[in-house]
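The structure appears right after this line, and notes come after that.
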């Protein structure tokens, strides 16, 4: 190998937590060659981001201690005085972060945030810097760049902001770009655009990239070599091909087995559990196939017909309605008991609003909703309480959906007591049972939410939803915030519960690969409408609608040998905002197969 | 923008209406000014004459109606005591109070913001801790007590500064100000500092909290990753974000400085509006009280409007809208 651009040897980082030093990165060494892309992959708490921050020396010096060597252009970065380090940051090494929404200063103009780097590092005059900023914005494919210099970050979408951030990071032609989860917060089609952009720019500029991610699909897509981190250790390093073909460390194998792979279910028609890896031996345990849980002979548990939910946008002195967000527009669907229907689409497509409208957390404008034969929209207060007993919701963020000051036992018992299903004493017993059902132990009922990990909390949320013995569960991005291995466990749990209790799931997700695992049927939403609905196998293997095809093409495939060269359009996700007098067109659907419909343009 | 200004003006007029009704009814319930103003030995005929001259013989709603029609033409009535237009009385006193308030605010900003930034950037240093201790004192010690101590120390013991009154004034654009004469300045210093102490403490705490919070944000980390020197990060990236919450509070505080500087004005015998209103309340001089409160409401509205406009300049995410 040629001389590396960046060489990390024996890097260890510790943080001071409550007076004690805790080691979070332990003896990590790896090199990055010229024009090479190295991915550091791991789950939350693995120390991958801390490694990146250590390289840039961005950790606060009072609370952290970094030892080892980081050689870059003949210098050990850890020994440099701060001033010299500042002339490397943003100049020789560029860095981009996960959250494009917060990386830019909201009160400064985009132009100023770009030019300050050019003025500072490259000694340009203000007018030179402005001209260069336009060139940079054009380089990251921002349309009509010149006119956008005077705009503020709030006028840019998430994907566009990440482009601006990349433009800033690349302003001084760095030798190395450190990208810390740069696409995690973005929609899948936008993620594909940004990955494509990073790859193209890397070719154009001839720089190296250190890519930090938790997503094996992204790793397979972008990196030449991969470092797998687990609890602060680099447990495995190798070319990406090698790691995907024959991982040696049990953790890498566990990680890979838990990675949902789009296309791994070709030919299967039922959901499939994730394989579990025995962490001691590294052996894959065989997957128990799921039983056929769908009750086809009884009526549907959920029936939604022509649901419409719109939000008025009011403006001006008289608060007149100038337009509406058509969040949900003429959505019809049916769900049988024991069946999983996934609602997929990108942010703003109305999938969550659909879920919320179904149990009237958001008011629908028109349409009919029946849960177990009971009309939801016309239900009175007490009837609604009864209906909500049968339809429970699980939310995305297990950290925010549990009250931090209520013991989880009480949180689970609350709905049981409120709905009068049992007395306080009996409810306590039920709580123990429920906790065991979701794979926790009854003795944990006395704990507070902060004593649990993210995955355990989501189990608690599931236990709380199960407390009322519902027939329908609406899971709104319930596994999106979880690490891959935990995600796999929670999905397996949901499949177990479906087998045991015949639950119907309305599974709302943007994650196509997870959807492929868990669903019987899939509905694709775009701008508030269902553009395609049908059996999972049909929709995934034979997508009909253009948007479905685009969505499928954008999902990264966790297989480096199937790396695709694709042309991604630079389209933004459109807004469902319409003028006040807008009348939605009549939609017609065509049948592509049994139960498989798609919208005609 | 014009829609915004219009709706703001309407709000102000509504507030004025509600306030005037409350004050009218309130004062009516509290007591009869004639009882306070007239000596107990006055004959019933004298009494009747005074009552009639004040218009107090009419039912209260009629008095209110009369007040409203006059107010529309800019006449807020004559003071019961001085027999001069209430508005003129107040406007004569206003420059003194405004001067005091603005100087106090300026002192608050000049000391508060830099100290607050320092305390936010280096929260663990000894200096920051001393600054924070000082700010607790500034919060908790009563203004009148500090005022008295200041008079004792600087006027009585050291004899550096005069203890009371307003010094020489020079007219600036027709407004008599003491800010530009040496004598006036020396008279202004003590009361202004006395008023400013609480504001300094408040601004220190707010700035520190803002800086501490902003320093944790992603864009500061990104600014560091851009290789910008710490100085620029604080001056450009952090400061502007810290100012946003500060502006609102400073606006409200300015209003309260102007309207309720009573205690300080009393201690330092400052000839401002505060003293006038206290005297007016004591004798139930309704026209003066009403005029004073109306001016206060208008002033608060103007300050709030300025704050909102300033806010939208500093923070591009805020848009001025009809009803916000």
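Checking every residue in the range A:318-330 against the condition of being assigned by TED's automatic domain parsing to the domain that holds residue A:472 and farther than 23 Å from residue A:583 by Cα gives at least one match.
If we scan the range B:231-239, do we find a residue that is under 19 Å from the mean Cα position of the chain (by Cα), part of a helix (DSSP H, G or I) and within 14 Å of chain A (Cβ to nearest Cβ)? Looking for residues that are under 19 Å from the mean Cα position of the chain (by Cα), part of a helix (DSSP H, G or I) and within 14 Å of chain A (Cβ to nearest Cβ), one finds none in the range B:231-239, hence no. Selection of the range A:55-78 for residues being touching a helix residue (DSSP H, G or I) at 6+ places or on another chain (Cβ under 7 Å) and assigned to a loop (DSSP other than H, G, I, E, B) yields A:57, A:58, A:59.
If you go through the range A:112-126 and keep only what is exposed (fewer than 14 other Cβ atoms within 10 Å of the Cβ) and assigned to a helix (DSSP H, G or I), you end up with just A:126.
The residues in the range B:208-222 that are within 7 Å of another protein chain (Cβ to nearest Cβ) and either touching a strand residue (DSSP E or B) at 6+ places or on another chain (Cβ under 9 Å) or outside any loop (DSSP other than H, G, I, E, B) (or both) can be counted, and the count is 4.
Every condition in (1) modelled with pLDDT of 80 or more; (2) touching a strand residue (DSSP E or B) at 6+ places or on another chain (Cβ under 9 Å); (3) within 11 Å of another protein chain (Cβ to nearest Cβ) is met by residue B:322 except one, and the failing one is (1). Would you check which residues across the range B:1-28 are in contact with a helix residue (DSSP H, G or I) (Cβ under 7 Å, 6 or more places away or on another chain) and within 12 Å of chain A (Cβ to nearest Cβ) and list them? Of everything in the range B:1-28, just one residue is in contact with a helix residue (DSSP H, G or I) (Cβ under 7 Å, 6 or more places away or on another chain) and within 12 Å of chain A (Cβ to nearest Cβ), namely B:8. Per the listing B:135, B:164, the residue uniquely surrounded by 16 or more Cβ atoms within 10 Å (Cβ to Cβ) and either in contact (Cβ under 8 Å) with a residue 12 or more places away in the chain or within 27 Å of residue B:252 (Cα to Cα) (or both) is B:135. If I ask for residues that are assigned to a loop (DSSP other than H, G, I, E, B) and at the interface with another protein chain (Cβ under 9 Å from one of its Cβ atoms), which ones from the range A:79-91 would you list? Within the range A:79-91, A:90, A:91 meet the criteria. Residues in the range B:107-127 that are touching a residue at least 60 places away in the same chain (Cβ under 8 Å) and under 19 Å from residue B:242 (Cβ atoms): B:108, B:109, B:111, B:112, B:113, B:115, B:116, B:117, B:119, B:120, B:121, B:123.
Annotation note: of A:77, A:104, A:118, the sole residue that is at pLDDT 90 or above, closer than 24 Å to residue B:240 by Cα and more than 33 Å from the chain's Cα centre (by Cα) is A:118. Only one entry of A:30, A:72 meets the criterion of being touching a residue at least 24 places away in the same chain (Cβ under 8 Å) and within 14 Å of chain B (Cβ to nearest Cβ), and that entry is A:72. The selection criterion, being buried (at least 20 other Cβ atoms within 10 Å of the Cβ), part of a loop (DSSP other than H, G, I, E, B) and within 14 Å of chain A (Cβ to nearest Cβ), holds for residue B:228.
Within the range A:92-101, how many residues turn out to be at the interface with chain B (Cβ under 7 Å from one of its Cβ atoms) and modelled with pLDDT of 90 or more? Total satisfying the criteria: 1. Here B:287, B:271, B:316 are screened, and the one residue that is part of a helix (DSSP H, G or I) and either surrounded by fewer than 18 Cβ atoms within 10 Å (Cβ to Cβ) or touching a strand residue (DSSP E or B) at 6+ places or on another chain (Cβ under 9 Å) (or both) is B:287. Filtering A:20, A:36, A:43 for residues that are away from every other protein chain (no Cβ under 13 Å) and over 32 Å from the mean Cα position of the chain (by Cα) leaves a single hit, A:20.
If you check A:271, A:286, A:250 for being touching a strand residue (DSSP E or B) at 6+ places or on another chain (Cβ under 7 Å) and not assigned by TED's automatic domain parsing to the domain that holds residue A:43, only one passes: A:271. Screening residue A:20 on (1) in contact (Cβ under 8 Å) with a residue 60 or more places away in the chain; (2) loosely packed, with under 15 Cβ neighbours inside 10 Å shows it passes everything except condition (1). The set of residues in the range B:255-268 that are surrounded by fewer than 22 Cβ atoms within 10 Å (Cβ to Cβ) and part of a helix (DSSP H, G or I) comprises B:255, B:256, B:259, B:262, B:263, B:266, B:267. Here residue B:227 does not qualify as over 23 Å from residue A:111 (Cα atoms) and touching a helix residue (DSSP H, G or I) at 6+ places or on another chain (Cβ under 9 Å).
Elements of the type helices (runs of 4 or more DSSP H) sitting completely within the range A:440-559 and holding at least 3 residues that are under 29 Å from residue A:588 (Cβ atoms): these cover A:512-518, A:536-541, A:546-554.
Exactly one residue out of A:105, A:155, A:150 is under 23 Å from residue A:88 (Cα atoms) and either touching a residue at least 12 places away in the same chain (Cβ under 8 Å) or within 11 Å of chain B (Cβ to nearest Cβ) (or both), and it is A:105. Looking across A:129, A:52, one residue alone is part of a helix (DSSP H, G or I), more than 8 Å from chain B (Cβ to nearest Cβ) and farther than 30 Å from residue B:318 by Cβ. It is A:52.
The values are calculated or read from the model by the stated rules, or taken from the named source; none is laboratory data. Quick caveat, the model's predicted, so the values are computed rather than measured. Here Cβ is always computed from backbone atoms with ideal geometry, including for glycine, and neighbour counts include all displayed protein chains.
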